[in-house]
Each structure stands twice: as C-alpha cells, then as structure tokens.
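Each remark here refers to the structure printed beneath this line.
The values are calculated or read from the model by the stated rules, or taken from the named source; none is laboratory data. Source: prediction; values computed, not measured. Here the Cβ is made from the backbone with ideal geometry for all residues, glycine too, and neighbour counts use every protein chain on show.
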C-alpha cells in the first residue's frame, strides 16, 4: 500500500498530455523497408526523454526518440490459456508470409464500474510503433514512468477527480495516474508499462500485435489459422474490422488484480447477436448456480457471490428493511453480454453483479436506493454504482471476499 500512497503524492501534480495524432497509415511494403512517413519526431524537446518518473516504484527505462519504422496494427493474437504464447508458436508466426512485424505484450482485463476493460502492459518503445501516437515521445515517457495512457472519452467516464483510474473493482485495487490521453490499438482500452503489469498479475507475453503491411490481413489470417489452431484467439483489428467484433473469433475473459478475480476464474466465449456472448459451457457448469436467497427468491449468479448476497439480504430482513428491496424490480445477476453500445463485457457476464429496484435507480441519477441497504451491501463485499462518477444506483457488484460465517 505504501507504493500507492507514494504514487498519489508524486503524481498528483502531473499534467496530462493530450496526444491524438493522425493515423500512421500502412508501414513499408517489405520487411526492412521503412514507411514513407517520417519515423522520427520533428524537433522533439530534448527534455522530453528525461521526464522525472511520476511513479518511481513502477518506472521502466524511457524509450527515447522513435527511430524504427511505423507499423499498422492489423491482427491481435491472444493466448487462450493463462500462460505466455509458446516460443515455438511465436517463431512460426513471425516467419509466415505477409507478417511484416510483431510485438509481444501482456493483455488482461480489469473491472471498473461494471465495465470489463482491456489493459495492455507494454514495452513503450516497441508497442508505440503500432499506435496513432507513435511519435509522441512525452506520452511514452510518461507510460515508462509509471503512468497510464487512455482515450479521452473513456477517461471522462472512469477517472476520478485527481486524474487517477482504479484498476480493478477490489477495494484495495491500485490507482494509476493518467499521464496521457491517446486512443490505442483497437480493442485495447488503456496502456501501462510492464512493471505495472507485473503488479496487476497480467500474464507475461500472452498477446501479440501483427502488422501485415501491404499484405491482406485476411490472407495472413488464413495462414495463421493453420499455425495457431486452438491455442490462441485471432482477432482482426485492421480497418476492415473496426466496425464490429469478429463473430467467429474465440475470446478469453479473465479478471486480474485481486482476490475476487482469482475466485471468479476465467472463461472463453463466442460472440452472439444482440450484444450477447456464449461463455464456455464447462465454466458455466462449474461456476454459475441458481439458489434461493431472502427477499429475491431464486437468483442465478456466480457461486462465490451467493453466500455473501444471502448474508446481505438476511441482514436487510433482520433490520426491518425488507420492503426497501422490490423483488419485482430485480433485473438479474448472471447475464452474459456486452455493455450496451460497446465491446466491453459487463460484470454480469461473470455473474458477480446484480441490479435492484431498477425503475427508480436509472444511470446518471441519485436514485431512490435506501442508503442503509447500501451500507449493508458494502459491509458484505459489494460496491455500489451510486458512488460512481456516472452513477448507476441500481447496480451492486462484488468487490471483496467476505466470510459470511
């Protein structure tokens, strides 16, 4: 915890850098050739590579000026197991016809205000070649210094008043200072360096960016299918894929960074129509339960949630507040889907969130939820959406393991 306090003290005065730069375009046509676009920043201030790290406890070496060719981000390869991509597989992919450049990094999920977001832990010097902000040296120096890079729109929804983002829904999840606003590679919501990735427990080298340059990403995918098999998910992130998720790709969801994440486990899933997903039936069978609880009757949730939910509702009854929760206005717990209008998984997909008294507790309102009921749920390990920057007072989600005995 001491490192987090030091992080807040050092970084509170740091200025956020707005860097939404023009698209990099395609890289050179052949391996070894550079892009026609300039590959070094114009008149970069000399001081930019010597920024004092905002978070020395999580700092890595700054990348310095960009000297390598820019690369297009066309394909994302993600391991389906909680393990690094096999070195043999990596070597095979790099040799495939049409694969111009690759970059290994660490990819995980964090739960923030009912959004399951993708966080990439990267080597700033290598990863930036694939981004629109490749030439923004200050941005990548800030990431190297322990800060977070995130798109402005998402930051407006989840950062707090001190420009920190809490990476996880556990009570003790770490807070990381936002050092730069910049759109990232498609499907990646935010970026930190690998020192932060290690603390968050993100699997090392479980993801790979692939640039195909002038080659067709779809043609390269066919070759990848033969090499990868069922060991990794292939996600098309080229311009053709920017308007939706590939419904044929198998995705993997696992929360990182705390006891709740460990208890919930990970699952693979396929994308269905209407914003729904189909999780691995084996994970559903092992983890999702339908059981009776006070007030609400039968609920379907993750098995780790039900004891704490039962304890919270029992205390509500014992304190004479049962009429403050309306069973007919309960909107469920386990519902495998994306958040409406987005490609972010909802925590309902994991079965660790529930919505109560829906009509009177809409998003963006103070809501009508009884505050004593709220305090009881917090006691039993639930965060409340009414505390969020953009409120969701119907929503409760598990953020701590509490023994109900």
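Scan the stretch 84-99 for residues that are touching a residue at least 12 places away in the same chain (Cβ under 8 Å) and either over 27 Å from the mean Cα position of the chain (by Cα) or in a strand (DSSP E or B) (or both) and jot them down.
Listed by number, the residues that qualify are 92, 96, 97, 98.
Are any residues in the stretch 277-306 farther than 16 Å from residue 353 by Cα and under 21 Å from the mean Cα position of the chain (by Cα), and if so, which ones?
Listed by number, the residues that qualify are 277, 278, 279, 280, 283.
Is it fair to say residue 149 is part of a strand (DSSP E or B), under 15 Å from the mean Cα position of the chain (by Cα) and within 18 Å of residue 115 (Cα to Cα)?
Criteria met by residue 149.
Please determine whether any residue of the stretch 301-310 is closer than 30 Å to residue 74 by Cα and either in contact (Cβ under 8 Å) with a residue 40 or more places away in the chain or out of contact with any strand residue (DSSP E or B) (no Cβ under 9 Å at 6 or more places or on another chain) (or both).
Looking for residues that are closer than 30 Å to residue 74 by Cα and either in contact (Cβ under 8 Å) with a residue 40 or more places away in the chain or out of contact with any strand residue (DSSP E or B) (no Cβ under 9 Å at 6 or more places or on another chain) (or both), one finds none in the stretch 301-310, hence no.
From the list 78, 110, exactly one residue is crowded, with 24+ Cβ neighbours inside 10 Å, in a strand (DSSP E or B) and not assigned by TED's automatic domain parsing to the domain that holds residue 338. Which is it?
None of the other options fit; the residue is 110.
Yes or no: residue 138 part of a helix (DSSP H, G or I) and either touching a helix residue (DSSP H, G or I) at 6+ places or on another chain (Cβ under 7 Å) or assigned by TED's automatic domain parsing to the domain that holds residue 335 (or both)?
yes
Among residues belonging to the stretch 114-135 that are in a loop (DSSP other than H, G, I, E, B) and within 18 Å of the chain's Cα centre (by Cα), point out the one that is nearest to residue 212 (Cα to Cα).
131
Does at least one position in the stretch 352-371 carry a residue that is on the phi > 0 side of the Ramachandran plot, buried (at least 16 other Cβ atoms within 10 Å of the Cβ) and under 22 Å from the mean Cα position of the chain (by Cα)?
No; the residues of the stretch 352-371 include none that is on the phi > 0 side of the Ramachandran plot, buried (at least 16 other Cβ atoms within 10 Å of the Cβ) and under 22 Å from the mean Cα position of the chain (by Cα).
In the stretch 213-230, what residues are at pLDDT 90 or above and either in contact with a strand residue (DSSP E or B) (Cβ under 9 Å, 6 or more places away or on another chain) or crowded, with 18+ Cβ neighbours inside 10 Å (or both)?
Answer for the stretch 213-230, where residues must be at pLDDT 90 or above and either in contact with a strand residue (DSSP E or B) (Cβ under 9 Å, 6 or more places away or on another chain) or crowded, with 18+ Cβ neighbours inside 10 Å (or both): 220, 221, 224, 225, 228.
Would you point out which residue out of 265, 320 is outside the structural domain of residue 168 (by TED's automatic domain parsing) and modelled with pLDDT under 95?
On inspection, the qualifying residue turns out to be 265.
Out of all the residues in the stretch 324-339, is one or more farther than 19 Å from residue 396 by Cα and either in contact with a helix residue (DSSP H, G or I) (Cβ under 8 Å, 6 or more places away or on another chain) or touching a residue at least 60 places away in the same chain (Cβ under 8 Å) (or both)?
There is no residue in the stretch 324-339 that is farther than 19 Å from residue 396 by Cα and either in contact with a helix residue (DSSP H, G or I) (Cβ under 8 Å, 6 or more places away or on another chain) or touching a residue at least 60 places away in the same chain (Cβ under 8 Å) (or both).
Please determine whether any residue of the stretch 162-180 is in contact with a strand residue (DSSP E or B) (Cβ under 6 Å, 6 or more places away or on another chain), touching a residue at least 12 places away in the same chain (Cβ under 8 Å) and more than 27 Å from residue 399 (Cα to Cα).
yes
If you take the residues in the stretch 200-211 that are at pLDDT 95 or above and over 17 Å from residue 83 (Cβ atoms), which one is farthest from the chain's Cα centre (by Cα)?
210
Step by step: first the residues of the stretch 250-288, then only those that are in a strand (DSSP E or B) and in contact with a helix residue (DSSP H, G or I) (Cβ under 6 Å, 6 or more places away or on another chain), then the one that is farthest from residue 346 (Cα to Cα). Which residue is that?
If we take residues in the stretch 250-288 being in a strand (DSSP E or B) and in contact with a helix residue (DSSP H, G or I) (Cβ under 6 Å, 6 or more places away or on another chain), then 267 is farthest from residue 346 (Cα to Cα).
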